[in-house]
Structures are given as structure tokens and as C-alpha cells.
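The values are calculated or read from the model by the stated rules, or taken from the named source; none is laboratory data. The shown structure was predicted, so the numbers you read here are calculated from the model rather than taken from an experiment. Here the Cβ positions follow ideal geometry from the backbone for every residue, glycine too, while neighbour counts run over all protein chains shown.
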Amino acid sequence: MGMIYKRGAVFWIKYYKNGKPYRESAKSEKETDAKRLLKRREGEISQGKIPGIVFDRIRFDDLVKDFLADYKVNEKKSLTRAERSVSHLKEAFEGMKVTNISTPLINNYIEQRQDEGAANGTINRELAALKRIMNLGARQTPPKVDRVPFIPMLKENNTRKGFFEHADFLALKKNLPDYLKPFVTFTYKTGWRFSEITNLKWIQIDLAQRTARLESGETKSDEGRTVYLDNELQDIILDLHEARKTRGKISPYVFLNESGNDRVKDIRGAWKSACEKAEIGKRLFHDFRRTAVRNMIRAGIPERVAMMISGHKTRSVFDRYNIVSDTDLKLAAQKQETYLQAQTGTFSGTVTSIENKRVQQ
């Protein structure tokens, strides 16, 4: 049985769960408030629930530690992005009781991030992290969260659509340092991710079979994949292999930095300079990935095979990368006109001229 008592002018309650006593302030000088709180706590216990006071002691920071630990234990490759999201969430919720995190507070966070200029996609990644943080707390034994508030998601309209026309790629490549030219050519043709190529090692290259292999666990999807090297890529790999023999210290990595003593890591300075010299505007390295997908499809490679080369696990993401360019639209118009011309037999005019001829008749 629970009881009500006073500490000074404030009422407190005492109750038991599994023989363990709990004491909690009613934060009121009215006995009726204390009776109401005691009744609620006893109701929670009778239903087998953990008393709410336990959840009131949990802070947002406690859940964040569990969230980041989950990423590290499971060796998730998006740990850096998760840490970035947490850094923003902490600015709004650090030190706060989890029971005080509500939908209105989350909406205030969204408005604040929008005022700071954050894109909807970026905010959604942060909201997804918050939802994961809360859900992990609710699933623990014993749970640290008794309820997960509704977390609204924003409509995203910031999907990147950039890609390289072949002339743009050649102009960029021409203005890059020599050590990066093989690197970007490999990316342009395979569509592999930046980290997949920078971490590519010679043990993953089979010169005799002309293949480059990513093992399971080395990719974002955790699935291995193989790409066969065309003549240009084979020549590039052979040249890099010969150059490797001439160095005093042999590196395990295929694509090395300008000094030749470590793998390629940061190309932002060289990339920005090359884009400016090539006069192709601001481009992202990730544009190569979209470009490779588009080029493979335009070359007639079956979509399933293209997905295996680029490493796209889901069709929805692959379709998002399979971008239609202005050139594709022009070719479609030309093909349609050619088809319509063929329907007129020997007449070689345009649809408009056909209609004019009918009017004259």
C-alpha cells in the first residue's frame, strides 16, 4: 500500500513495486494532487508497468550514449553521419528529461533548423536519428522510455540531380593533377562510392582475370561485388602496378595521394580548382555515381547488371540515379519524328508539312 506524507509544505508519496520502495514529490502543497499522483502510480504498477518516476530520471544524454554505442557495436558505416545528427540534436535537447520531449518541442526544433538554412533532407536525417534514439530506449530491458512522441517528417525536395556529360568529364580530368586522373576515370566508369575506391587494395585486383573486387562488409550494403575492367581501366591498373614496383615503400592501396605514400583521402582543393578551370560550374564527386548509372543504361546494359556494378541494393534508389538529361529528351523527340516520318511511306517531310499538304489538297 502507498502512503502520503509531507516534507515541509510539499506533499510526497511512497509506494512499492516488487518490494522496492519509491518516493516521489507531488510538487504540490495540495493533498488532493498527491492522492491523484499516488493513484496513477499504483495503477501503473497494477498493470505491470514501470513507475513513471523511473522514466523521469532518464535524460536525453543517456539515450544518446546508447544510440552511438549501438552504431559502434554493429559497425554501422554511417556512424559519422549519426554523430553529426546528434551534435545538432544536442543543441536542443541536451540535459532534458526524456519525458519532456514532445511533438511541439520537436516542431520547434524543425523551425529552428530551417531558420539556420538546413535542407529538409538534412533535417529528416536528424529526425530519423531522434526517432531511433527514442525507440532504442523503449526497447531496452528494462525500458528507459515509456512513450515515443510523434516525430513528423518533412517533404524532401533537395534530391541531387547533377551528372557529367562526357565532354564535361574530359574537361575536368584534363585539369586535375596527374595522380587523380586514374582515380576519377575509375569512378566515372564504375560508379563506385568515394570510400570504396580510396580503400581499394591490390589484393582486391586480379590482373589476369581483369577484375576489381569489393568483399562483403566493405560496401555500404555489406554485399560484395565485382567489376570487370575494360581496356582503358586495365591499362590504368597495369600502369599503377608498374609504378608501384619503382617505389621504395610498397603501399597496399591502388590509388595513392600525390606523394605516393598513402591512399587518396581529400581531393576537395584539387576538385574545386579543376571545376573552375574546366568552366563546368560547381560539381559534386557523387555526380560520377549518377553519371555511371545513366551511361550504363544508355549503353544498353541490363538494369540488373548495372545495379550489380554500381552497388545499388534497392530499385527505388537506382531509379533516382537513372536521370533523364536534356540530351535524352532531344533524342526522344528525334526518334519520334523519325518514326512518324516512316509512317508516311516515301514522304520525308515533318508532321507539320504533312498537315499543310492535306490543307492544300
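Out of 46, 102, 87, I need the residue that is touching a Pro at 6+ places or on another chain (Cβ under 7 Å) and exposed (fewer than 13 other Cβ atoms within 10 Å of the Cβ). Which one?
102
Here's the yes/no breakdown for (1) buried (at least 18 other Cβ atoms within 10 Å of the Cβ); (2) within 26 Å of the chain's Cα centre (by Cα); (3) hydrophobic (A, V, I, L, M, F, W, C); (4) not in a strand (DSSP E or B):
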position: 203; (1), (2), (3), (4): no, no, yes, yes
position: 227; (1), (2), (3), (4): yes, yes, yes, no
position: 244; (1), (2), (3), (4): no, no, no, yes
position: 258; (1), (2), (3), (4): no, no, no, yes
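Mind listing just one residue for me: the one in the stretch 268-285 that is in a helix (DSSP H, G or I) and either loosely packed, with under 13 Cβ neighbours inside 10 Å or of a type in the set (Phe, Trp, Tyr) (or both) and, of those, farthest from the chain's Cα centre (by Cα)?
In this case the residue turns out to be 276.
Tell me the residue from 189, 173 that is crowded, with 16+ Cβ neighbours inside 10 Å, within 27 Å of residue 280 (Cα to Cα) and in contact with a strand residue (DSSP E or B) (Cβ under 9 Å, 6 or more places away or on another chain), please.
That would be 189, the only listed residue that is crowded, with 16+ Cβ neighbours inside 10 Å, within 27 Å of residue 280 (Cα to Cα) and in contact with a strand residue (DSSP E or B) (Cβ under 9 Å, 6 or more places away or on another chain).
Inside the stretch 246-256, can you point out the residues that are of a type in the set (Val, Ile, Thr) and exposed (fewer than 12 other Cβ atoms within 10 Å of the Cβ)?
Listed by number, the residues that qualify are 246, 250.
Restricting attention to the stretch 1-26, which residues are basic (Lys, Arg) and modelled with pLDDT of 85 or more?
Those that are basic (Lys, Arg) and modelled with pLDDT of 85 or more: 6, 7.
Can you pull out every residue in the stretch 159-199 that is outside any helix (DSSP H, G or I) and over 21 Å from the mean Cα position of the chain (by Cα)?
Within the stretch 159-199, 164, 165, 175, 176, 177 qualify.
If a residue must be without any contact (Cβ under 8 Å) to a residue 24 or more places away in the chain and part of a strand (DSSP E or B), how many such residues does the stretch 17-48 contain?
4
Suppose we filter 138, 118 for residues that are in a helix (DSSP H, G or I) and either surrounded by 14 or more Cβ atoms within 10 Å (Cβ to Cβ) or out of contact with any Asp or Glu (no Cβ under 8 Å at 6 or more places or on another chain) (or both); which single one remains?
Unique residue meeting the criteria: 138.
Yes/no per residue for (1) over 16 Å from residue 188 (Cβ atoms); (2) in contact with a helix residue (DSSP H, G or I) (Cβ under 6 Å, 6 or more places away or on another chain):
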{"position": "238", "(1), (2)": "yes, no"}
{"position": "241", "(1), (2)": "yes, no"}
{"position": "245", "(1), (2)": "yes, no"}
{"position": "249", "(1), (2)": "yes, no"}
{"position": "253", "(1), (2)": "yes, no"}
{"position": "263", "(1), (2)": "yes, yes"}
{"position": "268", "(1), (2)": "yes, no"}
{"position": "278", "(1), (2)": "no, yes"}
{"position": "281", "(1), (2)": "yes, no"}
